[in-house]
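The values are calculated or read from the model by the stated rules, or taken from the named source; none is laboratory data. Please read all numbers here as calculations on a predicted model, not as lab measurements. As a convention, Cβ positions derive from the backbone with ideal geometry for all residues, glycine included, and neighbour counts pool all protein chains shown. What goes into the accessible areas is simple: the full protein's heavy atoms, side chains included, and nothing from ligands, DNA or RNA. Shrake-Rupley method; radii C 1.70, N 1.55, O 1.52, S 1.80 Å.
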Amino acid sequence: MDDIVRLGPDRVSASRASPPYARALEPLTAAEIRSVAAIVKADPAFGAAILFETIELMDPPKSAILSGVPASEIPRQARANVFRNDEAGVWKLTVSLDDKRVLTSQRYPTARPMIQLEQFMAIEAWVKEDPRFIAACAARGITDMSQVCVDPWSAGNFGNPDEEGRHLCHTFVWLRLYEDEAFYAHPVEGLNAVVDIKTGEVIRIDDRPAPPIPMREVNYDSKFVTDTLPPLKPLHIVQPEGVSFALDGHRITWDRWAFTIGFNAREAITLHDIRFDGRPIVNRASLVEMVVPYGSPDGGHYRKNVFDIGEYGLGKLANSLKLGCDCLGVIQYLDVDLNTMSGDIFRIEKAICIHEEDDGILWKHWDFRTERTQVRRGRKLVVSCICTVGNYEYGQYWYFNQSGDIEFEMKATGIINTAACEPGRPSKYEREVSPGVVGQIHQHIFCARLDMAVDGESNTVVECNTETETEALNPWGNAFFETETPLTTESEAGRRANLESARYWKVVNPNRTNHVGRPVGYKLMPTSVVHSFLRPDGPSGSRSRFAEKHLWVTAHDAEQRYPAGEFMNHSDGSGGVSDFAAEDRPIENTSVVLWHVFGLHHSVRPEDFPVQPCITTGFKLMPSGFFDGNPAIAVAESVNAESRDAGDCCCG
């Protein structure tokens, strides 16, 4: 195997050319989405009235990509989930764009589609028109219904007889005093509506005794917050020669990295065929689920266990980003096209941001004998999007650096979900953030699906633990060492992190070795794991079984895509990664998928209100024997000529 430090400029520049299969990985165009909708509607089994949950690319076979099959030889196909407003169930379809026909169709009679973006305001309108809801508001002194804000939450599955067989939404209520005022400061406690999304029927109004509506204003909008701090002096990020990456369609090359950027309504950003200097590392990477369990059993709050990806879809809630605010520097944006319920297009302009960032010192050494210093400054490529799910913003950031690391960071900001209490008397499940306003303890539990391809499709996952040496072999008390244990079957590959043994997992290719004879590999560093506090057999815990482990490893199956199940609205906990793992397939020296569970444990603070500062979580994939040495040794020495001594700067 070639040593990375011996790479010449010809080999680096050669990676700029898109591979022959690149077009096959491109997300569906607007024209292709419309074509899929037209094909389905023309099929007599569905007709013009059919509604679309999602339309997305059907990924080409993993083996075809790794073997370099040209795009012209790979069928162009789409997935479509469709439903009817007057009939239960969801149909999963595969559609040929080449042959203009539906290839496969499977109906799931008890499944419900995700809550659609177009339905958000309709749900609010249905609730606000209900006489029972109007009366409950009047009993609380609310007579102007235009001030009432109703947020649509997924309802979970709690076995209520009047909810069975329905497509449900459960709501929470706030009061907005005037235009653009921060309404989450005024929770209307004890008032919840349960809505049938398909029929528009308000099934039930739950009206419980509650504390008064807190009326103190806590604004954050710049039109109200005028007493601001003096601005800091400008900090400009400039690249006078332009960016160092190149984009060919959705295929990006930067430094020695190359991959394809995808996007869909459910997962948001998807990354495909990630390679370093032409060597494959990951076939497909994305965030595939997020569940947010709240810890309060009081009132209607016990129902707050929302699967933001599986029940709403993160991608269709992506922001249109703003240059100089959301993204700083020299930016390349990508627009995304997604389907509406009718099969038409809605475009999110500037949904994906691509840019470079300074990454601090990449490596450095000072030789104290010669007083010679060698230092290299690092840079990283960033691919990101920001999605708003009701009150919360979630920023997905994928980082690629010059030493071969891949990092995922989730930045959570936005507004905490608020409830009301008697001022000064919050329950033990919550913290008061403003007089009479509380935020409840909760978690954000994420799952990333990493379809690995470390130097090819034949991979093995190895668990690494550090142990203290036995007393007999440890006379000085300092000895410790690392053990490596291959995970050979799915049943033994549901694992939890262990701080005491510094546990991590390594994906190796046993058929490829580095210059010291060890299998090449990449390690998964579980930097932000959380422990779920849901009771496993409870209504919410049983739907969140993926959160019981920090790592699952399963045999590759392109149809096993989501860790909690495909259809999450009113789900029963089946069809997720725990069921995949129960098949107990062999996972040694074969094509494998890693499911990494990580997250945020959020004990709410007053500082989280009225808008929460960013808090972060994520993970890293790092080379572990993949190279014959530090690949960043080849990074050229440089000095930034624009840097100045602070004492030499003009003060104006």
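Points to keep in mind about this one:
- Hits in region 172-201 - residues which are among the charged types (D, E, K, R), farther than 20 Å from Pro113 by Cβ and open to solvent by 20 Å² or more (accessible area, probe 1.4 Å): Arg176, Glu179, Asp180, Glu189
- The condition (being open to solvent by 30 Å² or more (accessible area, probe 1.4 Å) and touching a residue at least 60 places away in the same chain (Cβ under 8 Å)) is satisfied by just one residue among Asp43, Asp86: Asp86.
- The criterion of being of a type outside the set (Ser, Thr, Tyr) and either open to solvent by 50 Å² or more (accessible area, probe 1.4 Å) or under 28 Å from Gly538 (Cβ atoms) (or both) does not hold for His250.
- Where a residue in region 366-385 is free of Cβ contacts under 8 Å to residues at least 40 places away in the same chain and among the aromatic types (Phe, Trp, Tyr) and its partner, wherever it lies, is open to solvent by 20 Å² or more (accessible area, probe 1.4 Å) and part of a strand (DSSP E or B), with Cβ under 7 Å and at least six apart: Trp366/Thr373
Quick grid of which residues meet (1) out of contact with any Phe, Trp or Tyr (no Cβ under 9 Å at 6 or more places or on another chain); (2) without any contact (Cβ under 8 Å) to a residue 12 or more places away in the chain; (3) among the basic types (Lys, Arg):
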{"residue": "Val604", "(1), (2), (3)": "yes, no, no"}
{"residue": "Glu607", "(1), (2), (3)": "yes, yes, no"}
{"residue": "Pro610", "(1), (2), (3)": "no, no, no"}
{"residue": "Ile615", "(1), (2), (3)": "yes, no, no"}
{"residue": "Phe619", "(1), (2), (3)": "no, no, no"}
{"residue": "Pro623", "(1), (2), (3)": "no, no, no"}
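- Wholly within region 271-339, strands (runs of 3 or more DSSP E) carrying at least 3 residues that are touching a residue at least 12 places away in the same chain (Cβ under 8 Å) and touching an Asp or Glu at 6+ places or on another chain (Cβ under 9 Å): 279-293, 332-339
- Reported count of residues in region 105-124, each being open to solvent by 40 Å² or more (accessible area, probe 1.4 Å) and either farther than 17 Å from Leu51 by Cα or of a type in the set (Asp, Glu) (or both), is 2.
- Selection count where residues are in contact with a Cys (Cβ under 6 Å, 6 or more places away or on another chain) and surrounded by 13 or more Cβ atoms within 10 Å (Cβ to Cβ), scope region 478-505: 1
- Residues of region 551-568 that turn out to be under 20 Å from the mean Cα position of the chain (by Cα) and open to solvent by 10 Å² or more (accessible area, probe 1.4 Å), as a count: 7
- Considering region 352-372, the residues that are in a strand (DSSP E or B) and among the aromatic types (Phe, Trp, Tyr) include one that is farthest from Val330 (Cα to Cα), namely Trp366.
- Subset of region 46-71 [of a type in the set (S, T, N, Q), outside any strand (DSSP E or B) and in contact (Cβ under 8 Å) with a residue 60 or more places away in the chain]: Ser63
- The set of residues in region 137-171 that are buried (at least 17 other Cβ atoms within 10 Å of the Cβ), farther than 20 Å from Val90 by Cα and out of contact with any Phe, Trp or Tyr (no Cβ under 7 Å at 6 or more places or on another chain) comprises Cys137, Arg140, Ile142, Val148, Val150.
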